[in-house]
Amino acid sequence: MKITQIPFQKTGFFSKTMADYLEKNEHITSFYHNFPDINGFHNQLEEKKKSFRLQSRLVLVDALKNQYKSFETSAKTDENIELLKQQNTFTVTTGHQLNLFTGPLYFLYKIISTINLAEELSEKFPEEKFVPVYWMATEDHDFDEINYFNFDGKKVIWNRKDGGAVGRFSTEGLEEVFEVFSNHLGNSKNANYLKSLFSEGYLKHNNLADATRFIANELFKEYGLVIIDGDDKSLKQLFTPFVKDELENETSFKEVSKTIETLEKNYPIQVNPREINLFYLGDDYRERIIFEDNLYKVNNTEITFTKAAILKEVDENPLAFSPNVIMRPLFQEVILPNLCYIGGGGEMAYWLELKDYFNKVDVPFPILLLRNSVQIISEKQAGKLEKLNITKEEIFLNQFELLSKKVIENTDIETDFSDKIEFLKNQFKDLKKVAEKTDVTFINAVNAQERKQIKGLENLEKRLLKAEKKRQKDLVDRITIIQNELLPNESLEERQRNFSEFYLEYGRNFIINLKEALKPLELEFTILEM
């Protein structure tokens with residue numbers, strides 16, 4: 001195994017927002033609290049210690065024990081759940097949708113980043129305890145985003161009727177998905193493990209939340225990962241004061257809207273708040289709560305409440321109130337003794353909209369950490385890259401740029417017309433001196449001719465490069481094939497592939513090697529040769 005790290009910015013796949021965040025650009029510093037470094041964690045610890053109540057810890061531990069009661073847990077996970085009762089125990093958290101069979105590869109990178117950060121903080125702050133947490137997005141209702149995964153270039157899809165919170169979905173119908181997937185796997189030891197993991201997860205659990213918990217627990221329980229489902233009555237009871245505040249005062253809308261006014265001067269906005277950022281949740285629906293005509297209405301239903309009635313409903317039926325993307329982060333921070341949220345670039349971008357809202361409701365804003373990203377390269381692929389003289393950073397170049405660069409490096413023909421264009425510009429300088437002594441029409445004619453001839457040279461340069469690419473077709477084809485292997489659909493493979501492709505080849509060593517390689521606080525992109 002060989003590990004190389006490069007700046008996230010050099011891959012070309014990360015936004016200006018994330019680049020500025022990583023560089024602590026002055027335009028973005030007001031939108032986050034403590035930066036993800038050791039000094040930042042020291043400050044965050046002191047703040048969270050003062051704000052998180054013992055009673056909340058006891059409710060949290062009871063809820064987790066209840067959620068895990070029918071699952072086989074490791075001693076490490078059991079220990080971590082018990083530790084959460086103690087005032088010197090804190091969490092680091094990542095969240096993810098309930099994608100079929102974990103979905104994109106980066107699901108693993110998120111969780112391993114979280115586990116490794118908890119371990120590193122334990123070394124840096126020996127007086128405290130740190131627990132890695134995976135927050136299952138059980139209340140999401142975007143089924144089309146989670147009902148498939150890619151395997152070996154093919155889409156494995158679960159077709160079923162949509163509706164309601166995905167965590168409550170029955171796993172009925174996944175037998176057919178299992179048959180399709182099994183046929184792709186073969187009968188090796190690793191293939192049989194994947195078959196077992198899928199069938200034990202989806203065919204022996206009744207809903208998607210339990211199935212996802214089983215799979216994540218099986219993959220990571222030895223590291224003490226704690227998996228939490230926010231769709232829980234006792235946890236939502238802790239959140240009811242904030243739900244009532246939202247219904248009565250529309251606090252999140254007011255505060256996030258103000259933040260957006262400033263943020264959008266330099267950065268694109270990831271999500272926009274609604275007047276009320278809550279859903280009403282039933283067995284087969286999750287609909288927005290809207291305030292109209294002095295009534296609280298549940299969108300697309302006949303359900304309505306007066307103000308008194310809906311506040312009573314919050315007390316009596318807290319499970320029915322589901323935070324949307326704006327309020328879910330607050331829910332997390334209210335029920336967990338959390339220090340840090342680990343997520344992808346898109347997640348970080350919407351968290352940056354929330355700091356003023358957190359300040360308004362007097363809840364500490366967590367440290368935001370961009371999750372580890374990884375490019376896996378096999379020994380065979382590494383050999384091909386070396387023969388083609390492609391560096392690790394060059395892998396991520398736009399394909400046109402990469403091909404042009406390598407074709408130019410491999411030719412003895414002068415393909416750069418820069419000196420010729422500069423010579424032409426100098427010639428026109430002399431003409432312009434003559435033109436200045438005549439009328440404006442001649443000056444305009446000289447300028448037009450200059451633009452035309454420079455454009456002509458630029459076009460010739462492009463045609464020469466195109467011709468040279470045709471002449472070096474074998475090199476172009478080899479480069480194209482290897483880059484397409486590494487970056488399917490010209491995207492990071494972590495967004496396209498599923499972990500099962502790599503587990504099939506490397507087995508448990510795939511997870512072990514990732515755990516050794518990922519360094520969350522180094523804030524760099526990882527290239528892993530296996």
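Observations on the structure shown:
- Check on residue 171, over 23 Å from residue 296 (Cβ atoms), of a type in the set (Ser, Thr, Tyr) and touching an Asp or Glu at 6+ places or on another chain (Cβ under 6 Å): no
- Restricting segment 171-188 to residues that are within 12 Å of residue 208 (Cα to Cα) and at pLDDT 95 or above, the residue that is surrounded by the fewest Cβ atoms within 10 Å (Cβ to Cβ): 171
- Residue count for segment 119-177, restricted to those that are in contact (Cβ under 8 Å) with a residue 24 or more places away in the chain, out of contact with any strand residue (DSSP E or B) (no Cβ under 9 Å at 6 or more places or on another chain) and at positive phi: 2.
- All conditions in (1) more than 26 Å from residue 129 (Cβ to Cβ); (2) hydroxyl-bearing (Ser, Thr, Tyr); (3) touching a strand residue (DSSP E or B) at 6+ places or on another chain (Cβ under 9 Å); (4) buried (at least 16 other Cβ atoms within 10 Å of the Cβ) hold for residue 240, with the sole exception of (4).
- Restricted to segment 304-405, the set of strands (runs of 3 or more DSSP E) holding at least 1 residues that are among the hydrophobic types (A, V, I, L, M, F, W, C), modelled with pLDDT under 95 and touching a Phe, Trp or Tyr at 6+ places or on another chain (Cβ under 8 Å) is empty.
- Candidate set from segment 130-149 (those that are surrounded by fewer than 20 Cβ atoms within 10 Å (Cβ to Cβ) and not in a loop (DSSP other than H, G, I, E, B)); member that is nearest to the chain's Cα centre (by Cα): 145
- Residue in segment 296-305 that is touching a helix residue (DSSP H, G or I) at 6+ places or on another chain (Cβ under 6 Å), crowded, with 19+ Cβ neighbours inside 10 Å and β-branched (Val, Ile, Thr) present: no
- Residue 111 in a helix (DSSP H, G or I), in contact with a strand residue (DSSP E or B) (Cβ under 7 Å, 6 or more places away or on another chain) and closer than 19 Å to residue 346 by Cβ: yes
- Taking each residue of segment 234-254 that is closer than 15 Å to residue 317 by Cβ and looking for partners that are of a type in the set (Lys, Arg) and surrounded by 14 or more Cβ atoms within 10 Å (Cβ to Cβ) with beta-carbon atoms closer than 9 Å, six or more apart or interchain, yields 243/236.
The values are calculated or read from the model by the stated rules, or taken from the named source; none is laboratory data. As the structure is a computational prediction, the values presented were derived from the model and not from experiment. Here Cβ is always computed from backbone atoms with ideal geometry, including for glycine, and neighbour counts include all displayed protein chains.
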